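What follows is a single structure, written as structure tokens, with notes after it.
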Amino acid sequence: MQSVDLSMHVLSKSLFFIIYLFSTLNLSLANSFNHSAQDGDYSKAWCEENNGYHQKPLGSYGRADCVTDKFAAEIEFIDLVVKQGIAQATRYAHATKKQALVVVIVENEAELTLFLKQKTYWEKQWPKIAFKSYGYPVSQKLDAHLKSNPPVKLSKSLICHPKNKGSYAVTTKYTPYNTIRECCASNPKSRLPKNFKPSITELTECHEGIQEAINKLHSSIN
């Protein structure tokens, strides 16, 4: 009888491990997760919509993404929920004595479908944590926030300003773009700002974008 109980215990543990691997595999295969905005954009918009305290200082526990009357929330992309979101929300809840909440950022219909499938699994594994989706469909407040804080701003002088770098904050007249490449591809004379040091990736994206713009120009002439 003991051997049967032991076998069932081992089988139970094995099934849990298989489910966990399948869950992780689902997340990695379902989407390339090329995020269209930064998590801070979603965090600020969600917190405003829920009348919370954004980036609330919690001493040695760091800063909570958002603290409301009921929740201590971590706002996280769907592919980082298990890796980061759950632990962070638990820390915030412990510090504030509120319920832990992971607000899962979903940016399209496929991610929303994936969230609905994963939510049941997450709730079973972490019953003390609440899970909510946010981002798709886009609310009016989020839409306004994302439009006023695009990933890249193209100024009238054809300078592509990446978010939170250089003169991004003071550039008020601009054309919004989702990536540096798209911005640089908008005009062969576009460039990155001189007042910050771009990464190799940023330089490469802009170079490829400018080359794309040049190719389009040549095609239109021919």
Where only protein heavy atoms count, and the probe is 1.4 Å, what is the accessible area per residue for the range 77-121 in Å²? 45 Å²
Loop-resident trypsin sites (Lys or Arg not before Pro) in the range 40-132 with no more than 10 other Cβ atoms inside 10 Å, DSSP not H/G/I/E/B, are Lys97, Lys128
Loop-resident chymotrypsin sites (Phe, Trp or Tyr not before Pro) in the range 141-205 with no more than 16 other Cβ atoms inside 10 Å, DSSP not H/G/I/E/B, are Phe196
In nm, the gap between the two label points placed 7 Å beyond Cα toward Cβ at Thr113 and Asn164 is 3.2 nm
Just in the range 109-193: which GluC sites (Glu not before Pro) are loop by DSSP and have at most 10 other Cβ atoms within 10 Å? none
Please label the shape of the range 104-143 as rounded, prolate or oblate, based on the square roots a ≥ b ≥ c of the eigenvalues of the alpha-carbon gyration tensor (a/c under 1.5 means rounded; beyond that, a/b larger than b/c means prolate, else oblate). oblate
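The values are calculated or read from the model by the stated rules, or taken from the named source; none is laboratory data. Predicted model only: the values in this text are computed from it and were never measured. In this analysis, Cβ positions are derived from the backbone assuming ideal geometry, glycine residues included, and neighbour counts consider all displayed protein chains. The accessibility values were calculated without ligands, DNA or RNA, using every heavy atom of the protein model including side chains. Shrake-Rupley method; radii C 1.70, N 1.55, O 1.52, S 1.80 Å.
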